[in-house]
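The values are calculated or read from the model by the stated rules, or taken from the named source; none is laboratory data. The structure displayed is predicted, hence computed values, not measured ones. So basically every Cβ, Gly included, is an ideal-geometry build from the backbone, and we count neighbours across all protein chains shown. Heavy atoms of the whole protein, side chains included, go into the accessibility calculation; ligands, DNA and RNA do not. Shrake-Rupley method; radii C 1.70, N 1.55, O 1.52, S 1.80 Å.
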Amino acid sequence: KTTATTHVPDPPISDDELTSLFNHNDMARKVITIVPREMLRQGYVISSNNVNAANLLIKRMKEFDVNTALEDGITWGRLYGGSVIFVGANDGQPADLPLREDWVTSIDFLEVYDRRNVYPHSQYENVREPLFGKPRVYAINTASGGISYVHESRLIRFGGARTDEHQTDGQTSRNLSM
């Protein structure tokens, strides 16, 4: 045989196209939203030996509308290939330093950002660290037009389609869209 074929991958869908599909195509929107809706549809159980602590946690989760933040984080992660929830944990340190869980006095906010507004700023550089090469600090473009630098331990990350390291955009560490 003397013929051969070569696979040429399609270019990634642009952010504008993804937004348009989500906003104007019912089937595309359903593909993106069905997983987060089903995940959270029946709720979940908070269990603890300390009933007062569990009740306080449930109350705070309602105040912060955690279910909406989770649904939005998963949805935008699936649509754009990544998103984060910035957990505004008050531990007395700047946001670009690792979270000191034992110093946290309050959680002041939860903010969801999709991949279009989140970029790796620096990475772990010690080859002996388990997170070597992974983002350490992210730059987040805020709604007010500013930039916040946030340590990865203060973020809950959501990805998109499972993407091998050769396909992952090394510049933004993003997955492909669903």
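Can you name the residue in the stretch 136-160 that is among the polar types (S, T, N, Q) and part of a strand (DSSP E or B) and is also farthest from Tyr113 (Cα to Cα) among such residues? Spell out the reasoning first.
Within the stretch 136-160, the first condition is being among the polar types (S, T, N, Q), and the residues that meet it are 141-142, 144, 148, 153.
Within this subset, residues satisfying the condition of being part of a strand (DSSP E or B) are 141, 148.
Numbers: Asn141: 9, Ser148: 12 Å.
Residue satisfying both the conditions and the ranking: Ser148.
Among the residues that make up the stretch 40-56, is at least one of them within 17 Å of the chain's Cα centre (by Cα) and in contact (Cβ under 8 Å) with a residue 12 or more places away in the chain?
Restricting attention to the stretch 40-56, the residues satisfying the condition of being within 17 Å of the chain's Cα centre (by Cα) are 40.
Now restrict to residues that are in contact (Cβ under 8 Å) with a residue 12 or more places away in the chain: 40.
Yes, because at least one residue in the stretch 40-56 is within 17 Å of the chain's Cα centre (by Cα) and in contact (Cβ under 8 Å) with a residue 12 or more places away in the chain.
Could you name every one of the helices (runs of 4 or more DSSP H) located completely within the stretch 1-98 that has at least 3 residues being open to solvent by 50 Å² or more (accessible area, probe 1.4 Å) and in contact with a Leu (Cβ under 8 Å, 6 or more places away or on another chain)? Show your work before the answer.
On the way: elements: 15-24, 26-40, 51-63, 66-80.
Passing ranges: none, list empty.
Output the residues belonging to the stretch 139-161 that are among the aromatic types (Phe, Trp, Tyr) and open to solvent by 50 Å² or more (accessible area, probe 1.4 Å).
If the condition is that a residue be among the aromatic types (Phe, Trp, Tyr) and open to solvent by 50 Å² or more (accessible area, probe 1.4 Å), then Tyr149 is the only one that fits.
Out of everything in the stretch 100-132 that is open to solvent by less than 70 Å² (accessible area, probe 1.4 Å) and in a helix (DSSP H, G or I), what residue ends up being modelled with the lowest pLDDT?
Arg115
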